[in-house]
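Asker: Please find one structure pasted underneath; my questions will follow.
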Amino acid sequence: FSGPDKSAETLITNAERLQRQVYYRNSVLVNATSGLNTSLYAYNLSLILNLTRLADSYLNTSKQLYSQGNYTGAATYAIKAINTYGEVIELQEKLSEALNIEFKVGKEQEKYNITAANVTAINRTALVLQLEVLKARIAELKNVLGKINQSIYNITGALNLLDDAESLLSDAEAKLQTGNITVSELAKTLGTVKKILGLVNAELQRASLKVTVVRAMKLGILKNNATQVLNMTPIINHTKIKGKGKPSINDTKELEEEVNKTESKLEKEAKKQADIKQLFKQAEKQIQEAKKDINVIKKEVKEEEEGHGKGNQGKKEEARGNNKK
């Protein structure tokens, strides 16, 4: 770099040095986990690789600003890159300890060549790990949704949507094995699945709220008017993609359009959701207070059954006995 601001130039140079160190270590970690059960390290490695990409974007922005003559901005983003690479290195150390591997120091990491192939390989690995994490999240959500009382809140659409998200991931996995998917295509598929999980999470919150409020009203705990909650209907009205096997391109596009429309619908209900969440907190608080009262009553009854002088009634009888004496 040639320019009047040497401090920004120095910061960028230091960021590039850390970038080489991070990329070298990432390659070691990726190779070390390739023959292992990746699910054990999926979250940590995915976090490391995603943070690396974030640091890279900061460094690239810094270089662009420097070339445009914005040295203050260049220095700011170079510092962000340095700090983020630093976080990555800390996480790399922890994962290397868990894997019982050591990083070589000196020339090996300083001379690590960051090529387009290396960047693509690391980005691809990060996405594959994300895929594993998303599969686990889908299984977890299905398990939680399966406990919802559907007579109170219908979550069939959410379950159908999760099934189709699972199909998208299975299709992506199959294409990965045959090499018929690009990094950008995989990223797009994972992005759609993440949106689906966001929608299903929102639906789960609504379902949990309605179940709680209905329960509170049946117990006579919630005195407030909860009509707004009782009238809530599912946001997700999704019919599972017909047929078995991999979803077609048209099916996938249709699914993406539906997800985007549902997201818009959810945004419009944001204000209503805020009011409903407040009522949810109130209902939960009242239920907890009622449980405390019930526990106190149970304790009193138990003490009365065990003998005089333990419960309130026993204490009264004991006092009367003492007066007679």
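Asker: What number of residues in the stretch 4-14 are surrounded by 19 or more Cβ atoms within 10 Å (Cβ to Cβ) and touching a Phe, Trp or Tyr at 6+ places or on another chain (Cβ under 7 Å)?
Answerer: Count: 2.
Asker: Moving on to the next point. Looking only at the stretch 127-159, count every residue that is surrounded by fewer than 17 Cβ atoms within 10 Å (Cβ to Cβ), within 27 Å of Leu186 (Cα to Cα) and not hydrophobic (A, V, I, L, M, F, W, C) and tell me the total.
Answerer: Number of matching residues: 3.
Asker: Could you pull out the residue among Leu49, Leu29, Leu45, Leu59 that is buried (at least 20 other Cβ atoms within 10 Å of the Cβ), modelled with pLDDT of 90 or more and assigned to a helix (DSSP H, G or I)?
Answerer: Working: Leu49 fails: modelled with pLDDT of 90 or more; Leu29 fails: modelled with pLDDT of 90 or more; Leu45 fails: modelled with pLDDT of 90 or more.
Among Leu49, Leu29, Leu45, Leu59, only Leu59 is buried (at least 20 other Cβ atoms within 10 Å of the Cβ), modelled with pLDDT of 90 or more and assigned to a helix (DSSP H, G or I).
Asker: A further question on this structure: How about the stretch 75-88: which of its residues are buried (at least 18 other Cβ atoms within 10 Å of the Cβ) and of a type in the set (A, V, I, L, M)?
Answerer: Selection gives Ala75, Ala78, Ala81, Ile82, Val88.
Asker: Going residue by residue through the stretch 97-115, is there one that turns out to be surrounded by 13 or more Cβ atoms within 10 Å (Cβ to Cβ), at pLDDT 80 or above and in a helix (DSSP H, G or I)?
Answerer: Yes - at least one qualifying residue is present in the stretch 97-115.
Asker: Of all residues in the stretch 65-74, how many are in a helix (DSSP H, G or I), surrounded by fewer than 16 Cβ atoms within 10 Å (Cβ to Cβ) and out of contact with any Phe, Trp or Tyr (no Cβ under 9 Å at 6 or more places or on another chain)? Step through it out loud before you land on a result.
Answerer: Taking the stretch 65-74 first, the residues in a helix (DSSP H, G or I) are 65-67, 71-74.
From what's left, surrounded by fewer than 16 Cβ atoms within 10 Å (Cβ to Cβ): 67, 72.
Retained after the next criterion (residues that are out of contact with any Phe, Trp or Tyr (no Cβ under 9 Å at 6 or more places or on another chain)): 72.
So the count comes out to 1.
Asker: Please count how many residues of the stretch 181-198 are in contact (Cβ under 8 Å) with a residue 60 or more places away in the chain and either outside any helix (DSSP H, G or I) or of a type in the set (A, V, I, L, M, F, W, C) (or both).
Answerer: Residues flagged as in contact (Cβ under 8 Å) with a residue 60 or more places away in the chain and either outside any helix (DSSP H, G or I) or of a type in the set (A, V, I, L, M, F, W, C) (or both) within the stretch 181-198 amount to 6.
Asker: Of the conditions (1) surrounded by fewer than 18 Cβ atoms within 10 Å (Cβ to Cβ); (2) over 23 Å from Pro234 (Cα atoms), Leu186 fails just one. Which one is it?
Answerer: Every listed condition holds for Leu186 apart from (1).
The values are calculated or read from the model by the stated rules, or taken from the named source; none is laboratory data. Remember, it's a predicted structure, so these values are computed and weren't measured experimentally. For neighbour counting, all protein chains shown are included, and Cβ atoms are generated from backbone atoms with ideal geometry for every residue, glycine included.
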